[in-house]
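The values are calculated or read from the model by the stated rules, or taken from the named source; none is laboratory data. Computed from a predicted model, the values in this text were never measured in an experiment. Please note: Cβ atoms are built from the backbone with ideal geometry, for glycine as well, and neighbour counts cover all protein chains shown. Each accessible area value is taken on the protein alone, full model and side chains, heavy atoms only, with ligands, DNA and RNA left out. Shrake-Rupley method; radii C 1.70, N 1.55, O 1.52, S 1.80 Å.
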Amino acid sequence: MPRYAQLVMGPAGSGKSTYCSTLIQHAEAINRSVQVVNLDPAAEHFDYPVMADIRELIMVDDVMEDESLRFGPNGGLVFCMEYFANNFDWLEESLGHVEDDYILFDCPGQIELYTHLPVMRQLVEQLQQWEFRVCGVFLVDSQFMVETFKFISGIMAALSAMVSLEIPTVNIMTKMDLLSPKAKKDIEKYLDPDMYSMMEDNSVTIRSKKFKKLTKAICGLIDDYSMVRFLPFDRTDEEGINIVLQHIDFSIQYGEDLEFKEPKEPEEEPDNTNYDDLFQDKVED
């Protein structure tokens, strides 16, 4: 049987660890097994158990403190992830070979890992060799997406990850529970956006003709091909969490290979009819 994986991606502070924690709690509530693997060598803490932690293999702090390397935070993270890519056997040993596994990979937030470095693509290919069906889950902070140009920036980041990894991807707006009622109402137009209308609303603020033309081309790409859409994620809304999980499960065909269980047939009520009496009544008639 296949195994299943979510690559939980997104900029730093977009709520990746909170998303994993919420999904773990939701899975427990519906009696479903979900595990988490931490792939952020700079992570400080998380409030859920992990089946594997990359910090057991390498840590950013150790790399930065190494006198022979002298990397900064970003360079140290890139070094850690490249070291990880050369030691996938550690991950294979940590994951084991349990069928029907469903694993969330909590990934680092540095966007360059998904734009122009091959590390995450190599991870996807390795997981697929281990018979994982992989879905990308790209998170953006809804508090950041309440303005049109910031929204377009978030879309471009999500699109970059989608193009780089070439896997089914579900894009999510997180922290909806932190928005004010007015902001929640305003952000509805970004969940199913009409890009041309949004551009017209902001055309006054675009002074450069070249910039306006570029923005129009980007909006056309997004709107005409429906390449990026976002789902809202409110950690306090169980129904909303379930909808997000259903979209992801559908993209990786989770559950299609599970053994089908026949529903129990209702027990028939005992027939207490006395056929001897009926026969005797018929004879008398």
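In percent, how large is the relative contact order of region 1-103, given Cα pairs closer than 8 Å and 6 or more residues apart?
Computed value for region 1-103: 35 percent relative contact order.
Which one of His247, His45, His26 has the biggest mean-square fluctuation once the chain is modelled by GNM with Cα springs under 10 Å?
Looking only at His247, His45, His26, the biggest GNM fluctuation is shown by His45.
Counting residues in region 73-169 as N, plug N into 2.2 N^0.38 Å and put the Cα Rg over that result.
Numbers: Rg = 15.0 Å, N = 97, 2.2 N^0.38 = 12.5 Å.
That works out to 1.20 for region 73-169.
Identify which of the listed values of Rg and Dmax of the Cα atoms in Å was calculated from the structure shown: (i) 21.0, 77; (ii) 25.8, 110; (iii) 19.8, 73.
(ii)
Scan the chain and hand back the longest stretch that contains none of the trypsin sites (Lys or Arg not before Pro) lying in DSSP loops with at most 16 other Cβ atoms within 10 Å.
The segment 71-206 is the longest one with no such site.
Which of these, Met195, Met59, Met227, has the largest mean-square fluctuation under a Gaussian network model of the chain (Cα springs below 10 Å)?
With Cα springs under 10 Å in the chain, the top fluctuation among Met195, Met59, Met227 is at Met227.
Cross-link list Lys16/Lys213; Lys150/Lys185; Lys16/Lys209; Lys185/Lys216: which exceed 27 angstrom alpha carbon to alpha carbon? Don't jump to the answer; show the numbers that get you there.
Details: Lys16/Lys213 34 Å; Lys150/Lys185 17 Å; Lys16/Lys209 38 Å; Lys185/Lys216 25 Å.
From the list (Lys16/Lys213; Lys150/Lys185; Lys16/Lys209; Lys185/Lys216), the Cα-Cα distance tops 27 Å for Lys16/Lys213; Lys16/Lys209.
Let's see if you can work this out: charge +1 on each Lys and Arg Cβ, -1 on each Asp and Glu Cβ, no other charges. What is the dipole magnitude of region 33-139 about its Cα centre, in debye to the nearest 20?
It works out to roughly 400 debye.
Charges at C-beta only: +1 for Lys and Arg, -1 for Asp and Glu. How large is the resulting dipole of region 7-77 about its Cα centre, in Debye rounded to 20?
In total the dipole reaches around 440 debye.
Quantify, in whole percent, the carbon and sulfur part of the accessible surface of the chain (1.4 Å probe; protein heavy atoms only). Intermediate results must be reported in sequence, preceding the final value.
Details: 8250 of 16600 Å².
C and S atoms contribute 50 percent here.
Charges only on Cβ, +1 for Lys and Arg, -1 for Asp and Glu: so what's the dipole of the chain about the Cα centre, in debye to the nearest 20?
About 3020 debye.
What distance in nm separates the simple spin-label points at Asp100 and Lys189, each placed 7 Å from Cα in the Cβ direction?
Roughly 4.7 nm, to one decimal.
State the answer as a single residue: which of Ala5, Asn87, Leu245 lies farthest towards the positive end of the charge dipole of the chain, with beta carbon charges of +1 for Lys and Arg and -1 for Asp and Glu, about the Cα centre.
Value computed over the given set: Asn87.
Please give, to one decimal in nm, the separation of the simple spin-label points placed at Asp177 and Gln126, each 7 Å out from Cα toward the Cβ.
3.4
State in Å² the accessible area per residue of the chain; use a 1.4 Å probe, count heavy atoms of protein chains only, and round to the nearest integer.
58
Considering only DSSP states other than H, G, I, E and B, which GluC sites (Glu not before Pro) in region 127-199 qualify as loop sites with at most 13 other Cβ atoms within 10 Å?
Of the GluC sites (Glu not before Pro), the ones in loops of region 127-199 whose Cβ has at most 13 other Cβ atoms within 10 Å are Glu131, Glu147, Glu166.
Based on alpha-carbon positions alone, could you give the equivalent ellipsoid semi-axes of region 36-129 from the gyration tensor, as √(5λ), descending, whole Å?
Each semi-axis is √(5λ); the values are 23, 15, 12 Å.
If you build a Gaussian network model of the chain, linking Cα atoms that sit under 10 Å apart, which residue out of Phe233, Phe132, Phe250 swings the most?
Phe250
Considering only DSSP states other than H, G, I, E and B, which GluC sites (Glu not before Pro) in region 210-256 qualify as loop sites with at most 12 other Cβ atoms within 10 Å?
For GluC sites (Glu not before Pro) across region 210-256 that sit outside H, G, I, E and B with at most 12 neighbouring Cβ atoms in 10 Å, the list reads Glu256.
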